[in-house]
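For reference, the structure discussed in these notes is given below.
The values are calculated or read from the model by the stated rules, or taken from the named source; none is laboratory data. Please read these numbers as outputs of a predicted model, since none were measured by experiment. Here the Cβ positions follow ideal geometry from the backbone for every residue, glycine too, while neighbour counts run over all protein chains shown.
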Number of protein chains: 4
Amino acid sequence: MIRIGVIGYGYWGPNLVRNFAECGGAAVTAVCDTREERLAQVKRRYPGVATTTSATDLCTRSDVDAVVIATPVDRHFELGMAALRAGKHVLLEKPMASTSEQASRLIDEAASRRLVLMVDHTFVYTGAVRKMREMTDAGELGDIYYYDSVRINLGLFQHDVNVLWDLAVHDLAIMDYVLKDRPVSVSATGLAHVAGRPQNIAYMTMFFDSSLIAHVHVNWLSPVKVRRTLLGGSRRMVVFDDLEASEKIKVYDRGISLNPSPENVYQMLIGYRTGDMHAPQLAVTEALGVEALHFVDCVNNGKTPLTDGEAGLRVVRLLETASESMTEQGRPVSIGSPVG
Amino acid sequence: MIRIGVIGYGYWGPNLVRNFAECGGAAVTAVCDTREERLAQVKRRYPGVATTTSATDLCTRSDVDAVVIATPVDRHFELGMAALRAGKHVLLEKPMASTSEQASRLIDEAASRRLVLMVDHTFVYTGAVRKMREMTDAGELGDIYYYDSVRINLGLFQHDVNVLWDLAVHDLAIMDYVLKDRPVSVSATGLAHVAGRPQNIAYMTMFFDSSLIAHVHVNWLSPVKVRRTLLGGSRRMVVFDDLEASEKIKVYDRGISLNPSPENVYQMLIGYRTGDMHAPQLAVTEALGVEALHFVDCVNNGKTPLTDGEAGLRVVRLLETASESMTEQGRPVSIGSPVG
Amino acid sequence: MIRIGVIGYGYWGPNLVRNFAECGGAAVTAVCDTREERLAQVKRRYPGVATTTSATDLCTRSDVDAVVIATPVDRHFELGMAALRAGKHVLLEKPMASTSEQASRLIDEAASRRLVLMVDHTFVYTGAVRKMREMTDAGELGDIYYYDSVRINLGLFQHDVNVLWDLAVHDLAIMDYVLKDRPVSVSATGLAHVAGRPQNIAYMTMFFDSSLIAHVHVNWLSPVKVRRTLLGGSRRMVVFDDLEASEKIKVYDRGISLNPSPENVYQMLIGYRTGDMHAPQLAVTEALGVEALHFVDCVNNGKTPLTDGEAGLRVVRLLETASESMTEQGRPVSIGSPVG
Amino acid sequence: MIRIGVIGYGYWGPNLVRNFAECGGAAVTAVCDTREERLAQVKRRYPGVATTTSATDLCTRSDVDAVVIATPVDRHFELGMAALRAGKHVLLEKPMASTSEQASRLIDEAASRRLVLMVDHTFVYTGAVRKMREMTDAGELGDIYYYDSVRINLGLFQHDVNVLWDLAVHDLAIMDYVLKDRPVSVSATGLAHVAGRPQNIAYMTMFFDSSLIAHVHVNWLSPVKVRRTLLGGSRRMVVFDDLEASEKIKVYDRGISLNPSPENVYQMLIGYRTGDMHAPQLAVTEALGVEALHFVDCVNNGKTPLTDGEAGLRVVRLLETASESMTEQGRPVSIGSPVG
């Protein structure tokens, strides 16, 4: 039985507590938040769980084996290090840290202590994203040509991070899991419409060494909500629409076919293929429940999580690089090698 | 009665011929195409129209007052100049020319001869786009924050121009009409998935001197067709979905409200407004018919077209600049001042 | 403070308990269910609430002022009577009873004891349905021509009641609230696809004394989920799509206009009107919370509920009549006058 | 080369003329309409086609082998008989005739003269309906449980026929082709909202000897356009949405599974199956072109058309029976045996 302590009981914390509470093999033993009224709510729902306003206290409790950190991102590094140094396994909210240097240091700390460090890239544990990975693994899509995602809505303006860190982080986490290739450079553009606030609309293109291009469009100021990803391959193309109640994933047998031996006739070079569409039935288990079980399994059996610190670091590095490019109106910026 | 000669009877030419044939105040007297089988079709449908394979011949016919040019873009300059030099008014397909220099020379030629030079930016004559212009003119949207358009489908790969010149040209023409501000620089990214062909997927960000940002996403290799534009303002936001049978334009009374005197409390700075949605009834007249009438009116009364050579030049200059940026992975490029 | 006892903690009971627990002016003091494991769940979530497997016990507790009954319909009458006879106010799940005679007797019992008897027609308390009522009240739709509703999905086959009692009950409750006119006869058709089970697909037409016709289509065996109601009036028409995330209600300024003085020319008699569409912003408060407050208000202040026993009786009578017509392949059946 | 004469050049006639003109093996030689301006339009488009205002003249022309009749339905019988008696093959618009007796006499006349009599049930020749037929033929859907169709829009009120004859005729023609079983009785309801006009909204249930039920909902007074058919089978279910640009047909691997040996436990009797959805690529050839070729083939080779007089008669008989039931508020009416 893995005993879980959770730091941060705001928007996402209650979902983490609930899933670990209901997950076989784990028990939530303590919750920390600086706001007493949030702790009171924990007490009402989970009378047996200890509560505290001190994160230090939670990290050093003897009845806590693993710490789940669901605070604003600017406290991830400090709290993650404290938990690791206290010998606890750690599950960090996304993005993993405010800088790639911090992310690297967390990875090193966990490695040297042989502790599990996992990042809550929740989408990776959904039926839809797992299905996309299955298809890319099996080569069903052929060569991947592009990854294009739109994630927009009328959303809460963050005051500390730009819209990429809030919304694009989901797409980058999905891409990191679904695609084999890694971006080598980034061009990003965006704008802040409220003076003194970070960018609330952003566009981010990623280049690869292969014939792949990726683009993410995020916006906190859209009148309509869109959550749609296109994954275009030479053999098949996928549309992932997360707002569909069922049929979130549609696979199209469409594309172009190239004639390898054209006789100088342009119009014969490229043929079009329009075939069936197929929407596979997806697993409907709650992603966070799947993820909680996976975390417990990693802790119990010393496994490396699907969304380990390295995945978290790659995502943070992309966000960092894109933010840099965005300040220069899209100037392409190479993605540096890992820090540390 | 304005007598019209049409050069180019391929995909779009038949629509032009039909609309000028049915338009009061105009008559189609001659059609030119290099393909005899296309001319045979003209003869079957319009027995009274003269046909010729020689564009020079058509431009110099005494029974032609105005020449409509619907050939591939690389012939626009040469044919436009020939028609103007023969004293004919000219309606050019979009994009107006292959380079901004060519566009400028066409404008000068028409000006010096006091001839009408119009560009077929068809969307400008649709009920939907005219409604958007009405709203920006009346200030109904408040300050314009962003213009975001997606125009993707499984489309014919062009062999001479990249996807921006084929698809983004529509969005740039709409923007040129609907927005008062003009872009000052561009960052564009894209990729060619067929060796030796121009880019078939492209993303283009435009920066302005105001708090406006514009973005266009075009793709010839999408499994699904999307034609959607978001126009976000401080007071209202518009979604223009050209694939909707009715309700192409939806106006949302949504956005953020800024508190001008916050007391250092971040969360009070920005409020959210979620109100009604309204889909105005739109004029359903065929855009090309409206446009044909407008051209005839300009010729008869010496008016300047809504989509004159200057509008065509601005669009070509944006395409040129974006294509340049695209070869450098999004490096921002300033939009030069008009040539000539 | 109204003290609430809830009988039945299956699918809907937990929602009732939660809403009364969080509703100002009420407290849940006891919950009854025959299944111990359900009561154990109550205990975990609400340690202060008493639990019992005896409905009689619950009805006679001195710390219960009002009883909420969320059992299968065949126990509504017996439990409702027991609660009323014990001097408790009653909120009954829909449909209110298995027969209109039972419903009438419940009404009489409550009246003679001056107790509140309310039926949980939840939809009546949604923002969407209240908006529809507002529009019919204000005469905004003109004369009502038709009410047409589709409520289909792949749903749990009930073994004791046909699909009308399970699904159409929602539509009849909405109609009862939104329309001023009452049906005078019914023609219903349907079929059972599983031997020995009640009908799982049904169509029900209602006739009125006015120029109104109503139709409800329900189906437990549809591959897709549809929740859509059309309300057609002479001035405006409404589409209520409950599966829309926002814009559940769309009001169309469309219809026909009749020319009162035609000169024998058929084609001039009827004109068409196609105008704007408008989607009003709706209240987003949870319906059951609004309803719980309303029940408390009725109990405290002796008010008649919006969805009182009479409304519940009218709905049951329609279900009864339709079920009768359905056994005779649509033979029209008049709706009898109230029993009792 | 089959020489075609067309009677009626109103809404649908031009489509018929165009398709036969472009169809290999046929030529349109004459067109009849009582309105000179319609004939003038024929002359402009097809200078070589003879025109006449006399149907008798057209039927007896020596350069006409087959007559296509696209007039209002009340003239179908008279014109069809005239053409057959003149020895011409006949293609009749739907519905085939105003009464089943007329339909039967047309069938007899054609049979006795060994002439082809075909009815223009256009939908039967679409890729979508042919795919549905393929599936029912192959037994892919299992036992058919229901056929449910909605065909509503803001449409032209007919003054001579009710909405069933105008809109439901399409659904009945599709059903006649797709389903093996034939209805044995009908219950229909409806209402006329304009005094003196036929019903503009109607609901029609059809009963069969098998466990199949069919329902059609048609309405000329809907603010939104819907064209959707559900075809539910024990193994698979189909949604046919004719307004979808692509994916008109979606096949769902969903339904219930019945446990043949339940142990008195209701909840185990019925299981639910939720599987993949599949949208097959459909032929995109224009239906009327396919139909024109089929008619020519039947005339040339003495074949029986897919949509022969018998199919037309079955559809007319259903319309007749439903109209009768509709006047009695849904009283079920048996479908008589063929007249004649």
(request) Could you check B:Tyr46 against (1) within 14 Å of chain A (Cβ to nearest Cβ); (2) among the aromatic types (Phe, Trp, Tyr); (3) more than 30 Å from B:Ala245 (Cα to Cα) and say which number it fails? (result) (1)
(request) Please identify the pairs in which a residue from the stretch C:6-21 that is in contact (Cβ under 8 Å) with a residue 60 or more places away in the chain has its Cβ atom under 8 Å from the Cβ atom of a residue that is part of a strand (DSSP E or B) and surrounded by fewer than 21 Cβ atoms within 10 Å (Cβ to Cβ), counting only partners at least 6 apart or on another chain. (result) C:Phe20/C:Ala27
(request) List the strands (runs of 3 or more DSSP E) that sit entirely inside the stretch C:88-161 and contain at least 1 residues that are modelled with pLDDT under 95. (result) C:144-154
(request) List every residue pair whose Cβ atoms sit under 7 Å apart, with the two residues 6 or more apart in sequence or on different chains, where the first one lies in the stretch D:162-181 and is crowded, with 24+ Cβ neighbours inside 10 Å and the second, anywhere, is assigned to a helix (DSSP H, G or I) and among the hydroxyl-bearing types (Ser, Thr, Tyr). (result) D:Asn162/D:Ser323; D:Leu164/D:Ser323; D:Val178/D:Thr136
(request) Assess whether A:Val129 counts as being among the aliphatic types (A, V, I, L, M) and more than 12 Å from chain B (Cβ to nearest Cβ). (result) yes
(message) Quick check on my filter: what residues within the stretch D:219-234 are at the interface with another protein chain (Cβ under 8 Å from one of its Cβ atoms) and of a type outside the set (Gly, Ala, Ser)?
(response) D:Asn219, D:Leu221, D:Pro223, D:Val224, D:Lys225, D:Leu230
(request) Report yes if A:Val296 is in contact with a Leu (Cβ under 6 Å, 6 or more places away or on another chain), surrounded by 16 or more Cβ atoms within 10 Å (Cβ to Cβ) and over 21 Å from B:Pro332 (Cα atoms), otherwise no. (result) no
(message) Among (1) small (Gly, Ala, Ser); (2) touching a Pro at 6+ places or on another chain (Cβ under 8 Å); (3) over 30 Å from A:Arg236 (Cβ atoms), there is one condition B:Gly139 misses while meeting the rest; what is its number?
(response) (2)
(request) Go through (1) under 16 Å from D:Ala70 (Cα atoms); (2) in contact (Cβ under 8 Å) with a residue 60 or more places away in the chain and name the single condition D:Gly24 misses. (result) (1)
(request) Could you identify the single residue in B:Arg44, B:Arg61 that is surrounded by 16 or more Cβ atoms within 10 Å (Cβ to Cβ), on the phi < 0 side of the Ramachandran plot and of a type in the set (Lys, Arg)? (result) B:Arg61
(request) Looking at (1) in contact with a Ser or Thr (Cβ under 8 Å, 6 or more places away or on another chain); (2) outside any strand (DSSP E or B); (3) at pLDDT 95 or above, find the lone condition where D:Tyr9 falls short. (result) (1)
(message) Looking only at residues that are polar (S, T, N, Q) and out of contact with any strand residue (DSSP E or B) (no Cβ under 7 Å at 6 or more places or on another chain) in the stretch D:319-335, which one is farthest from the other protein chains (Cβ to nearest Cβ)?
(response) D:Ser323
(request) Select from the stretch D:237-246 the residues that are out of contact with any Leu (no Cβ under 9 Å at 6 or more places or on another chain) and either within 12 Å of chain C (Cβ to nearest Cβ) or surrounded by 20 or more Cβ atoms within 10 Å (Cβ to Cβ) (or both) and list them in ascending order. (result) D:Asp241
(request) Give the residue that is farthest from the other protein chains (Cβ to nearest Cβ), with candidates limited to residues of the stretch B:132-161 that are in contact with a helix residue (DSSP H, G or I) (Cβ under 6 Å, 6 or more places away or on another chain) and of a type in the set (S, T, N, Q). (result) B:Thr136
(request) Output yes when any residue across the stretch B:67-76 is under 23 Å from B:Thr122 (Cα atoms), surrounded by fewer than 13 Cβ atoms within 10 Å (Cβ to Cβ) and of a type outside the set (A, V, I, L, M), and no when none is. (result) yes
(request) Go through the stretch C:270-327 residue by residue and tally those that are part of a strand (DSSP E or B) and in contact (Cβ under 8 Å) with a residue 60 or more places away in the chain. (result) 1
(message) I'd like to verify a number: residues in the stretch C:303-326 that are surrounded by fewer than 15 Cβ atoms within 10 Å (Cβ to Cβ) and either modelled with pLDDT under 95 or β-branched (Val, Ile, Thr) (or both), how many?
(response) 1
(request) Would you be able to tell me the number of residues in the stretch C:293-333 that are of a type in the set (Gly, Ala, Ser) and under 19 Å from D:Tyr203 (Cβ atoms)? (result) 4
(request) Name every residue in the stretch D:77-91 that is surrounded by fewer than 23 Cβ atoms within 10 Å (Cβ to Cβ) and within 19 Å of the chain's Cα centre (by Cα), in order of residue number. (result) D:Phe77
(request) Could you tell me which numbered condition A:Ala192 fails, if it satisfies all but one of (1) crowded, with 19+ Cβ neighbours inside 10 Å; (2) closer than 30 Å to B:Lys250 by Cα; (3) of a type in the set (A, V, I, L, M)? (result) (1)
(message) Here is a check on your reading of the model: is D:Thr34 under 28 Å from the mean Cα position of the chain (by Cα) and either part of a loop (DSSP other than H, G, I, E, B) or surrounded by fewer than 19 Cβ atoms within 10 Å (Cβ to Cβ) (or both)?
(response) yes
(message) Condition (residue is more than 26 Å from D:Arg254 (Cβ to Cβ), in contact with a helix residue (DSSP H, G or I) (Cβ under 8 Å, 6 or more places away or on another chain) and in contact (Cβ under 8 Å) with a residue 60 or more places away in the chain) applied to the stretch D:220-228: is it met by at least one residue?
(response) yes
(request) Return the total of residues in the stretch C:171-218 being outside any loop (DSSP other than H, G, I, E, B), more than 9 Å from chain D (Cβ to nearest Cβ), out of contact with any Leu (no Cβ under 9 Å at 6 or more places or on another chain) and of a type in the set (Val, Ile, Thr). (result) 1
